[in-house]
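J.: This is the structure, below, for whatever I ask next.
The numbers here are math on the coordinates, done by the rules we state, and not lab data. What you see is a predicted model, and the numbers here were worked out from it, not measured in a lab. Counting neighbours? That spans all protein chains shown, and the Cβs are built from the backbone with ideal geometry, glycine included.
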Amino acid sequence: MLLWLLAFVVVPSAILFVYSFCERDELGRVVFSFTWENYQRVFDPIYLRIFVRSIGYAALTTAICIVAGFPVAYFIGRAGEAWRNRLLLLVMVPFWTSFLIRTYAWITILKQEGLLNAVLQSLPFGLGPWDLLYTPTAVVIGLVYAYLPFMILPIYGSVEKLDGALIEAAHDLGAGPLRVFPAVILPLTLPGIAAGTLLVFVPAIAMFAITDLMGGARVPLIGNVIQNQFLQARDWPFGAALGVVFMALFAATYWALLRFRAREDSIG
């Protein structure tokens, strides 16, 4: 375990941290030195707006995944043993195909001559055509589709461990479904929701493929900026500084979730 942490976490993070303080010479080569210039550029208003936009998109994606994923996870977790594995298999089926293939499938659905508009225009009241592709809406749809299973599976793990006797006891004491959910079900499944939030929120901030393919590069997120700095601008020190700030954001999110869970446990 320690070797794994050193090889895949500590060493790459240390290299990224060192590069973030480097400079580039006139030829664009990396010069090992110590400068705060890269971090000063990170807090330029342009990049701050991109950070805020990335956080907003990731938060919206996480909220939609919770709302859409909780009922699915609860239904699977409370299903019979014979059906549970089959339903979980349906959740995992998208992972059997390439991420790019799934993304291009959504492009085919959302484009102006695509499947969605064809269905809408065939309806009696003739909706559409809607120009959804290469819009923020398409980006959110792509993000939700990509990360919804990562919300369903942790919540399912919490629901599976949920003691049905507690729910029955709440009903016996006169609590209706609207009372049982916030008082019993939700607190007991919070660990799964917190884990799903971490698995969805953090990678959604750094996603760049969906914003390029479904957003037409019109909605750049921080992942797009980092990719461009390493692959196009060849400004590795500045890209490393953006990466370090992103890691700090991940650590802050993880810390906030731990504090939230600790507070819920103390209240409980």
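J.: For the range 129-143, does any single residue satisfy the condition of being in contact (Cβ under 8 Å) with a residue 60 or more places away in the chain, within 30 Å of Lys161 (Cα to Cα) and under 18 Å from the mean Cα position of the chain (by Cα)?
T.: Here is the first cut: in the range 129-143, the residues in contact (Cβ under 8 Å) with a residue 60 or more places away in the chain are 133-136, 138-143.
With within 30 Å of Lys161 (Cα to Cα) added as a condition, the list becomes 143.
Of the ones still in play, those that are also under 18 Å from the mean Cα position of the chain (by Cα) are 143.
Checked against the condition, which is being in contact (Cβ under 8 Å) with a residue 60 or more places away in the chain, within 30 Å of Lys161 (Cα to Cα) and under 18 Å from the mean Cα position of the chain (by Cα), the range 129-143 yields at least one hit.
J.: Looking at the range 132-139, can you tell me whether even one residue there is out of contact with any Leu (no Cβ under 9 Å at 6 or more places or on another chain) and surrounded by fewer than 14 Cβ atoms within 10 Å (Cβ to Cβ)?
T.: no
J.: Next up: For the range 93-119, give me the residue count where each residue is farther than 18 Å from Asp212 by Cβ, of a type outside the set (S, T, N, Q) and surrounded by 12 or more Cβ atoms within 10 Å (Cβ to Cβ).
T.: Count: 6.
J.: Of all residues in the range 21-40, count the ones that are touching a helix residue (DSSP H, G or I) at 6+ places or on another chain (Cβ under 6 Å), in a helix (DSSP H, G or I) and either farther than 15 Å from Leu249 by Cβ or without any contact (Cβ under 8 Å) to a residue 24 or more places away in the chain (or both).
T.: The number of residues fulfilling the criteria is 1.
J.: Hey, another quick one. Do any helices (runs of 4 or more DSSP H) entirely within the range 142-245 hold 1 or more residues that are of a type in the set (Asp, Glu), and if so, which?
T.: In the range 142-245, the matching helices (runs of 4 or more DSSP H) lie at 164-172, 209-213.
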